[in-house]
Amino acid sequence: MTLASIVWDVDPILVHLGSLEIRWYGLMWGLGFMIAYEMVSRLFRKENYPEDWADKLFIYSILSTIIGARLGHCLFYEWDFYGAHPIEILKVWKGGLASHGGVFAIILTLVYYSKKVTHKSVWWLFDRMIPAVAVVCACIRFGNLMNSEIFGFPTDMPWGFQFVNSREWQALYNRNGEALACHPTQIYEMLYCITAFIVAKVMYVRFHLQSRIGLITGVSLLIFFGTRFALEFMKNPQVAEEVGMTFNIGQWLSVPLILLGIYLIATSKTRNEAF
């Protein structure tokens with residue numbers, strides 16, 4: 001670490017066991033879902049709902065998130081390649097997950113779950129899930145940091161990172177004997193996840209605003225995707241098609257979720273708990 005920047009030289013592989021590798025990224029995905037399951041399970045028990053609700057919700061959530069995130073990356077970011085090589089879509093271990101795809105998929109999936117299991121509004125369910133969702137998102141962004149991926153443009157701020165294990169950073173920002181530090185946007189995104197967690201918990205526990213169905217979810221969507229929209233201005237393009245775009249793909253995908261958040265806030269006083 002120097003005054004000007006932080007040299008980030010972390011091995012993305014936590015443990016080497018012969019040919020088996022345990023990577024930070026995969027570990028953080030698993031840890032996030034385990035914590036989220038425990039949080040929602042305790043909440044359902046506290047509110048005297050059936051014990052198996054959390055088990056079913058865990059299965060629905062993890063499958064829809066992974067499948068949606070993978071399809072989102074393939075469809076939104078690199079369809080030219082995956083459309084020509086559809087079998088590659090199945091190779092999740094090669095990387096390529098888009099958070100927006102996971103969000104769209106989990107909303108659609110939990111609409112079905114709510115009708116089949118809880119018989120309540122999907123926003124009733126999301127109001128209770130948001131803190132757990134924030135934990136999962138924070139864990140995933142920590143995994144991105146350990147992978148030295150999805151970082152920002154160069155910065156003179158003292159907390160800039162030199163991502164020395166990143167091929168992208170080496171190609172773009174370590175040339176001609178000059179190493180440039182970049183915005184650690186993974187940490188910025190972890191911070192807005194923590195903010196969403198705190199705000200949702202305070203709204204639920206201190207002010208009991210879960211009685212206004214969809215309000216907690218709406219406020220959280222604005223925190224997640226309003227901040228995400230702003231942060232995209234300082235992030236490197238994820239694919240070549242984004243170079244030169246005024247608003248990148250991530251920003252365009254954030255817009256409907258921001259609008260959904262505004263809608264949920266505006267209509268929360270009149271929404272019923274049931275469908």
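Give me a count of the residues in region 174-191 that are assigned to a helix (DSSP H, G or I) and either open to solvent by less than 70 Å² (accessible area, probe 1.4 Å) or over 15 Å from residue 235 (Cβ atoms) (or both).
The initial filter retains those residues of region 174-191 that are assigned to a helix (DSSP H, G or I), namely 185-191.
Filter once more, so that each one left must be either open to solvent by less than 70 Å² (accessible area, probe 1.4 Å) or over 15 Å from residue 235 (Cβ atoms) (or both): 185-190.
The number of residues fulfilling the criteria is 6.
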(message) Give me the residue from region 206-216 that is assigned to a loop (DSSP other than H, G, I, E, B) and not charged (D, E, K, R) and, out of that set, surrounded by the fewest Cβ atoms within 10 Å (Cβ to Cβ).
(response) 208
(request) Kindly indicate which of 150, 140, 198 is in contact (Cβ under 8 Å) with a residue 24 or more places away in the chain, β-branched (Val, Ile, Thr) and surrounded by fewer than 21 Cβ atoms within 10 Å (Cβ to Cβ). (result) 150
(request) Would you be able to tell me the number of residues in region 217-275 that are within 21 Å of the chain's Cα centre (by Cα), among the aliphatic types (A, V, I, L, M) and either within 22 Å of residue 135 (Cβ to Cβ) or outside any loop (DSSP other than H, G, I, E, B) (or both)? (result) 16
(message) Show the residue pairs meeting these rules: Cβ distance below 9 Å; 6+ apart or different chains; first residue within region 244-263 and farther than 14 Å from residue 227 by Cα; second residue in a loop (DSSP other than H, G, I, E, B) and among the aromatic types (Phe, Trp, Tyr).
(response) 249/77
(request) Tell me, yes or no, whether region 105-128 has at least one residue that is assigned to a helix (DSSP H, G or I), out of contact with any His (no Cβ under 8 Å at 6 or more places or on another chain) and under 20 Å from residue 238 (Cβ atoms). (result) yes
(request) Please work out which residue is least open to solvent (accessible area, probe 1.4 Å), limiting yourself to region 81-130 and to residues that are under 19 Å from the mean Cα position of the chain (by Cα), more than 25 Å from residue 255 (Cβ to Cβ) and in contact (Cβ under 8 Å) with a residue 12 or more places away in the chain. (result) 128
(message) Among the residues in region 192-202, are any over 18 Å from residue 128 (Cα atoms), modelled with pLDDT of 95 or more and either assigned to a helix (DSSP H, G or I) or touching a helix residue (DSSP H, G or I) at 6+ places or on another chain (Cβ under 9 Å) (or both)?
(response) yes
(message) I'm trying to understand the selection: among the residues of region 64-80, which are charged (D, E, K, R) and buried (at least 17 other Cβ atoms within 10 Å of the Cβ)?
(response) 70, 78
(message) Looking at region 18-51 only, could you name the residues that are in contact with a helix residue (DSSP H, G or I) (Cβ under 8 Å, 6 or more places away or on another chain) and polar (S, T, N, Q)?
(response) 41
(message) For region 157-173, check the following and say yes or no: at least one residue is open to solvent by 30 Å² or more (accessible area, probe 1.4 Å) and of a type in the set (Gly, Ala, Ser).
(response) yes
(request) With respect to residue 203, determine if the residue is of a type outside the set (Gly, Ala, Ser), surrounded by 15 or more Cβ atoms within 10 Å (Cβ to Cβ) and without any contact (Cβ under 8 Å) to a residue 40 or more places away in the chain. (result) yes
(request) Run residue 133 past the list (1) without any contact (Cβ under 8 Å) to a residue 60 or more places away in the chain; (2) within 23 Å of residue 43 (Cα to Cα); (3) crowded, with 23+ Cβ neighbours inside 10 Å and report the number of the one that doesn't hold. (result) (1)
(request) Output yes when any residue across region 131-145 is more than 16 Å from the chain's Cα centre (by Cα) and not aliphatic (A, V, I, L, M), and no when none is. (result) no
(request) Give the number of residues within region 60-80 that are over 18 Å from the mean Cα position of the chain (by Cα) and at pLDDT 95 or above. (result) 0
(request) Pairs only if they're at least six apart or on different chains, beta carbon under 6 angstrom, first in region 158-173 and of a type in the set (Phe, Trp, Tyr), second at pLDDT 95 or above and open to solvent by 70 Å² or more (accessible area, probe 1.4 Å); list them, first residue then second. (result) none
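Kindly provide the set of residues from region 61-104 that are outside any helix (DSSP H, G or I) and closer than 20 Å to residue 229 by Cβ, ordered by number.
Residues satisfying the conditions are 77, 97, 98.
The values are calculated or read from the model by the stated rules, or taken from the named source; none is laboratory data. Keep in mind it's a predicted model, so treat the numbers as computed, not measured. Cβ coordinates were reconstructed from backbone atoms using ideal geometry, including for glycine residues, and neighbour counts include every protein chain displayed. What goes into the accessible areas is simple: the full protein's heavy atoms, side chains included, and nothing from ligands, DNA or RNA. Shrake-Rupley method; radii C 1.70, N 1.55, O 1.52, S 1.80 Å.
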